[in-house]
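See structure below.
Laboratory data are not the source of any read-out in this text; all were calculated from the coordinates shown. If you're wondering where the values come from, they're calculated on a predicted model, not measured in any experiment. Heads up, the Cβs are rebuilt from the backbone with ideal geometry, glycines too, and the neighbour counts pull from every protein chain shown.
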Amino acid sequence: MERIKTGINGIDQFTGGLPRGKTVLITGDAGSGKTIFGLQFAITSCQQNLKTVYITTEEDSKDLFTQGETFNWDIKSFTDSGLLQFIELAGVRARVTEAEISIDVGAMKGNFSKFLRDLPEDTETVILDNIGSFTAKLTPYEFRDRFDLLVYELKERNITALIILDSATSKEFNEIALFSVYGAISLMKRENPYTGRRERVMDVVKMRSTKTPTQFMTYEINNNGIDIISGVESKE
Ligand SMILES: Nc1ncnc2c1ncn2[C@@H]1O[C@H](COP(=O)(O)OP(=O)(O)OP(=O)(O)O)[C@@H](O)[C@H]1O
Ligand SMILES: [Mg+2]
C-alpha cells in the first residue's frame, strides 16, 4: 500500500506513513496538538508534491500561518505555488446557529459532504480541522450516517484525509467516528505514573493493514512541531 509521510518522525518510522486514499481520525483534548499535527501533515504532504487542502473551522488561516512560523514552516511558499489551499469555515458555526433559528433547523445540520463540494477536482490530501464544530444537535444516528458518507466520498475520490475531532464532542460521537475510519490516533496529556510529571502521549488506536506501535508514544511540541521522543510504556 502506498503511504504518505506525516512529517512526524516516530509515526513515519513505525508505520511508513498514512495509507494513501484512506481517512485517519485525530482525536484529543484542547491544546493536545491536533492542529499542529494537521499543519505538519499538510506541509509534509506538499513536500511530497501532493495537492493539499486544509479546511479550518475554528481558526482563520492567518492564525495557522502564525502557528507555522513558530516552527519555521514555510507555509506561504506552498500556498503561493498553489500546492496548498486553505478553506476557512470559521464563523460558519455561528451562521449555522442563526440559520437554524430563523430558517430551517434540519437542512444545515452536519451536512459534512458539503465540505467536499468546494474541493478542487485534483485534491489529493485533505485536513479537516475540526469536524466537532458541526455536530451540535445531531443525533448519534444522524452523525453516523453523515460521517460514514463523508468517509465514503473521500475514499471514492481517493483522497488521503486527516479528520480532526475534538474531545469536547461527545464520547459517543468519538466512538462512532472511530469505527468508520481506516486509522485513528489519539493525543493525550497525562501524568507519568513513575515521574509524576505531566507529559504528552500519542496512541495509534488503529491503522488497518499497518504495523502499529502497541506502546504509547511520548511526544513533545518543540521547535520542530510534534516530535516523538519515545514509545516507552505499554498501553495497559
Ligand atoms: N512553537 C511552539 N513550541 C512549543 N509548543 C507550542 C508551540 N506552539 C504551540 N505550542 C503548544 O501547542 C499547543 C496547541 O496545540 P494545538 O493548537 O495544535 O492544539 P489543538 O489540539 O488543536 O487544540 P484545540 O482543541 O484548542 O484546537 C499550545 O497550547 C502550546 O502548548
Ligand atoms: Mg486546534
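A few remarks follow.
- Aspartates and glutamates whose Cα lies under 14 Å from that of Lys76, excluding same-chain neighbours fewer than 8 positions away: Asp63
- Rg/Rh, computed from the Cα trace of segment 195-234 with Rh as the Kirkwood radius, has the value 1.02.
- Phe41, Phe179, Phe143, Phe78 arranged by Cβ crowding within 10 Å, fewest neighbours leading: Phe179, Phe78, Phe143, Phe41
- Fewest-first ranking of Met217, Met188, Met1, using other Cβ atoms within 10 Å as the exposure measure: Met1, Met188, Met217
- Under 12 Å from Lys137, Cα to Cα: aspartates and glutamates that are on another chain or at least 8 residues apart: Glu100
- Proxy reagent accessibility, fewest Cβ within 10 Å first, across Lys5, Lys114, Lys62: Lys62, Lys114, Lys5
- Largest first, the extents of the alpha carbon coordinates of the chain on the three principal axes equal 55, 41, 34 Å.
- Reachable lysines from Lys211, criterion Cα separation under 23 angstrom, eight or more residues apart if same chain: Lys5, Lys22, Lys34, Lys155, Lys235
- Annotation: amide H of Gly28 within the under-5 Å range of Leu165, Ser167, Leu187, sequence separation 5 or more or interchain, hydrogens built in the peptide plane.
- The magnitude of the dipole of the chain, with charges of +1 and -1 set on the Cβ of Lys/Arg and Asp/Glu and taken from the Cα centre, is near 540 debye.
- The slack between Ser170 and Glu220, meaning 0.36 nm per residue of separation minus the straight C-alpha distance, is 15.4 nm.
- Summarising the amide proton neighbourhood of Val126: residues at separation of 5 or more, or on other chains, whose placed amide H is nearer than 5 Å comprise Val53, Thr160, Ala161, Leu162.
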